[in-house]
Amino acid sequence: MQIKSAKYIKSSPSFDLCPNANKPEFAFIGRSNVGKSSVINMLVGQKNLAKTSSTPGKTQLINHFEITSSFKEKKDNSLWYLVDLPGYGYAKVAQSNRRTWQQMIENYLRKRDTLVNIFVLIDSRHKPQKIDIEFVNQLGEWQLPFALIFTKADKEKPTVVDRNVKAFLEAMKENWEFLPASFITSSEKNIGKEDVLQFIARTLMPTE
């Protein structure tokens, strides 16, 4: 799959104000400062589509981007939404604002009919974090489809990254019989880009 264009559409403060649900949607979410914006920019081949920041909790709205992609097997282009969601976890905001964000995210994830898959981003530099495990378990309780993207693989030794990834998947086995698809990425070195795009392509064009 090739990304031909990616453009910003809208930032919404609540689920009911999102754009019309008329295209497949792939949402990206993770703990604050996990490198989400950098991964999104890597995937679409633009440096500044999603705004990056060193300040955790910068993304506070539901951000929709319209993606035009093409396939070798298909003459027509495909249109879909890439959705940048607020991070969970640490953010220098009032507790009341955090609760508002949590409700906004839950409403979007559970009520958006065109949501095809949720990419949960995990920082590969760290051992399994309780908040990440709790979040993916919550997605399981809601019966929502998701995949894991382990970020910042270039920031640590490969052996450490592999150990942390394996530890996270092992921790999931306490509650999961089948593990989701997972990808190791580095936005700086373009690692994992094609694997994630192929996963999206297979989801958009399932085999007969």
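The values are calculated or read from the model by the stated rules, or taken from the named source; none is laboratory data. Remember, it's a predicted structure, so these values are computed and weren't measured experimentally. Because the Cβ atoms are built from the backbone with ideal geometry, glycine has one as well, and the counts that use them run over all protein chains shown.
Quickly run through the stretch 30-48 and pick out the residues that are under 11 Å from Leu82 (Cα atoms) and either in contact with a helix residue (DSSP H, G or I) (Cβ under 9 Å, 6 or more places away or on another chain) or acidic (Asp, Glu) (or both). The one that is under 11 Å from Leu82 (Cα atoms) and either in contact with a helix residue (DSSP H, G or I) (Cβ under 9 Å, 6 or more places away or on another chain) or acidic (Asp, Glu) (or both): Leu43. Residue check: Gly140 meets all listed conditions (1) among the small types (Gly, Ala, Ser); (2) farther than 17 Å from Asp195 by Cβ; (3) in contact with a Ser or Thr (Cβ under 6 Å, 6 or more places away or on another chain) but one, namely (3).
Give the residues of the stretch 134-190 that are touching a strand residue (DSSP E or B) at 6+ places or on another chain (Cβ under 8 Å), under 25 Å from Arg110 (Cα atoms) and assigned to a loop (DSSP other than H, G, I, E, B), sorted by residue number. Selection gives Leu144, Pro145, Pro180, Ala181.
Considering only the stretch 174-201, state which residues are without any contact (Cβ under 8 Å) to a residue 12 or more places away in the chain and either within 22 Å of Arg125 (Cβ to Cβ) or surrounded by 15 or more Cβ atoms within 10 Å (Cβ to Cβ) (or both).
So in the stretch 174-201, the residues without any contact (Cβ under 8 Å) to a residue 12 or more places away in the chain come out as 174, 177-179, 194.
Correct list: Leu179 only.
The residues listed here are Leu17, Leu61; of these, the one that is surrounded by fewer than 20 Cβ atoms within 10 Å (Cβ to Cβ), modelled with pLDDT under 90 and of a type outside the set (Lys, Arg) is Leu61.
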